[in-house]
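What follows is a single structure, written as structure tokens, with notes after it.
The values are calculated or read from the model by the stated rules, or taken from the named source; none is laboratory data. Because the structure is a prediction, the values reported are computed rather than measured. We place every Cβ from the backbone using ideal geometry, glycine too, and count neighbours over all the protein chains shown. When the accessible area is computed, the model is the full protein with side chains, heavy atoms only, and any ligands, DNA or RNA have been set aside. Shrake-Rupley method; radii C 1.70, N 1.55, O 1.52, S 1.80 Å.
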Amino acid sequence: DHVRLAAPAVDLPAVDVGDRQAGRRRETNVIEAPLEAERVAAALRRALDPTFRAGLANARPSSLDGRAGERIAAIIGAWRPQIPPRKPPINLDP
């Protein structure tokens with residue numbers, strides 16, 4: 001996942017193989033390929049294509065806007081965990 005998130009920042013393509021990343025956010029640099037040799041090879045060819053790579057120039061994800069710290073602080077500030085954290089009781093009666 002780290003490569004998928006960092007790659008758009010430096011104009012690099014990423015190939016997701018299989019469905020492990022299904023339902024996750026994807027940037028324009030991500031090429032999806034099912035777990036089939038020919039489809040993976042085609043995705044790799046596309047990732048290496050100079051035209052595709054040129055299209056990634058300056059296609060920065062919105063998360064790289066310099067405001068990540070503000071967003072993280074807002075999420076932490078809004079978090080209201082149970083105090084004190086409690087595990088559910090365990091019934092010891094037979």
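Helix 37-48 and the longest principal axis of the C-alpha atoms of the chain enclose an angle of approximately 70°. Taking R0 as 25 Å, what FRET efficiency do you get between TRP79 and ARG20 from their Cβ-Cβ distance, rounded to the nearest 0.05? Efficiency computed from Cβ-Cβ geometry: 0.35.
For the chain, the residue among LEU64, LEU44, VAL17 whose Cα projects farthest onto the positive side of the dipole built from Cβ charges is LEU64.
Remark: the chain carries a charge dipole of roughly 320 debye about the Cα centre, counting +1 on each Lys and Arg Cβ and -1 on each Asp and Glu Cβ.
When each of the peptides 63-76, 42-55, 81-94 is scored by the mean number of other C-beta atoms lying within 10 Å of its residues, the order from highest to lowest reads 42-55, 63-76, 81-94. With all protein chains in place and a 1.4 Å probe, the accessible surface of the chain carries 60 percent carbon and sulfur. Over the residues of the chain, the helix contribution to mean residue ellipticity at 222 nm works out to -10000 deg cm²/dmol, using -39500 (n - 2.57) for each DSSP H run of at least 4.
Counting only alpha carbon atoms, the long axis of helix 68-78 and the longest principal axis of the chain meet at about 20°.
Label positions at LEU64 and GLU36, each projected 7 Å from the Cα along the C-beta direction, are separated by 3.2 nm.
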